[in-house]
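Student: Pasting a structure below so you can have a look.
Laboratory data are not the source of any read-out in this text; all were calculated from the coordinates shown. It should be emphasised that the depicted structure is a prediction, and the values quoted were computed from it without experimental measurement. Because the Cβ atoms are built from the backbone with ideal geometry, glycine has one as well, and the counts that use them run over all protein chains shown.
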Amino acid sequence: MSSRLRVLGGGAGQPLLLLLHGLGATAHVWEGWRPLLDERWPGRWVAADLPGHGGSAPLPRYSFGSLAAAVAELAVPGDRTVVVGHSLGGVVGLVLGSGWFGVPVHAVVGLGIKVTWTADELERARALAERPVQEFVSRPDAAARYLRVSGLTGLVDPDSAGVDVGLQEHAGRWRLALDPRAFGVGAPDMVGLLAACRARVILARGETDPMVSADEVAALQPGAATLPGLGHNAHVEDPAAVLRLVEPLGR
């Protein structure tokens, strides 16, 4: 489907469900959705490795707009599109919902978006973006680092094929497939993005998500969904619980 993006997908017809992962992860975080979507989503679905992640090519510069422009090519002009984005992917979904990139987005579900950033947090992110690529002498060491960076420790088997996609091996040494410059994407202007978004928006968070509080998300969208007992990666922890938010948007 794309010369620069690695994608997973299934189904046929409309509406298109576009699944976008968070910073450091890959499209494999949606693998647990596959059997549910086969039964409960009426159209086609696509999950992409964001640029600079997994098997997708890097970008010269990372911004929410450049990421949105890259994934916009996965949509078919005229097809109704629903975007489900986790964390960074949720911000990219809101940018797509603005219509600036020609995608006819019907609705955006933004899950676990970190909406408040301190100066120290932004400085740490900039430092990570400028850090040289770290190499590891063994796959287990690289896998452990990948799971920490993506927030998937304890949720994904370190020996799984999904972790393999997040790693690269060369000359007997291992590194993350993630382009570290992606950490420099910055903080989203959530108020501005929500104002510009032409699509219906549902904001949601896991009840125990340390990245975004109930008060923070409610200030942006009163009545935003909280998923009981789930954390930052709610879409991995309990795919069915998140899909229940999404299903009505496909009708």
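Student: For region 227-235, just list the computed ³J(HN,Hα) in residue order, Karplus coefficients 6.51, -1.76 and 1.60, θ = phi - 60°, integers in Hz, with x standing in for Gly and Pro.
Tutor: 9, x, x, 10, x, 5, 9, 4, 5
Student: Show me, for region 57-68, the HN-Hα J-couplings you get by feeding each phi into the Karplus relation (A = 6.51, B = -1.76, C = 1.60, θ = phi - 60°), rounded to Hz, glycine and proline as x.
Tutor: Taking θ as phi minus 60°, the curve returns 5, x, 10, x, 8, 9, 8, 4, x, 5, 5, 5 Hz for region 57-68.
Student: Over region 144-247, with a single point scatterer placed on each C-alpha, what log10 of the ratio I(q)/I(0) does the Debye formula yield at q = 0.10, 0.20, 0.21, 0.23 1/Å?
Tutor: Evaluating at q = 0.10, 0.20, 0.21, 0.23 Å⁻¹ gives log10 I(q)/I(0) of -0.40, -1.17, -1.21, -1.27.
Student: Further question on the same structure: What number, rounded to the nearest 500 deg cm²/dmol, is the helix-based mean residue ellipticity at 222 nm of the chain, given -39500 (n - 2.57) per DSSP H run of at least four residues and division by all its residues?
Tutor: Numbers: 10 runs with 81 residues, N = 251.
Per the formula, -8500 deg cm²/dmol.
Student: For helix 139-150, what angle does its Cα long axis make with the longest principal axis of the chain, in degrees from 0 to 90 and rounded to 10?
Tutor: 40
Student: Residues with amide H under 5 Å of Ser56's amide H, sequence separation 5 or more or different chain, H placed in the peptide plane at 1.01 Å from N; which?
Tutor: Sorted by chain and number, the residues that satisfy this are Arg6.
Student: Ordered by packing density, taken as the mean number of other Cβ atoms within 10 Å over each peptide's residues, highest first, how do 183-196, 121-134 rank? Mind dumping the intermediate values first?
Tutor: Working: 183-196: 16.4, 121-134: 12.1.
Sorting 183-196, 121-134 by mean packing, highest first, produces 183-196, 121-134.
Student: Based on DSSP, what percent of beta bridges with both residues in the chain are antiparallel, to the nearest 5?
Tutor: Around 30 percent antiparallel, to the nearest 5.
Student: If you consider only alpha-carbon coordinates, what radius of gyration and Dmax does region 107-172 have, in Å?
Tutor: Answer for region 107-172, Rg first and Dmax second: 14.9, 45 Å.
Student: Would you pull out the residues with amide H under 5 Å of Asp238's amide H, same chain only if 5 or more places away, H placed 1.01 Å from N?
Tutor: For Asp238, no residues qualify.
Student: How large is the charge dipole for region 110-158, taken about the Cα centre, if only the Cβ atoms of Lys, Arg (+1) and Asp, Glu (-1) carry charge, to the nearest 20 debye?
Tutor: Working: 7 positive and 7 negative charges, 13 e Å.
Dipole of region 110-158, to the nearest 20 debye: 60 debye.
Student: Would you compute the Debye intensity of the chain from its alpha-carbon atoms alone, equal scatterers and no solvent, and pass along log10 I(q)/I(0) at q = 0.08, 0.09, 0.10 Å⁻¹ to two decimals?
Tutor: The calculated log intensity ratios at q = 0.08, 0.09, 0.10 Å⁻¹ are -0.28, -0.35, -0.44.
Student: When the scattering of region 140-183 is computed by the Debye formula from its Cα atoms alone, each counted once and equally, what is log10 I(q)/I(0) at q = 0.32 Å⁻¹?
Tutor: -1.25
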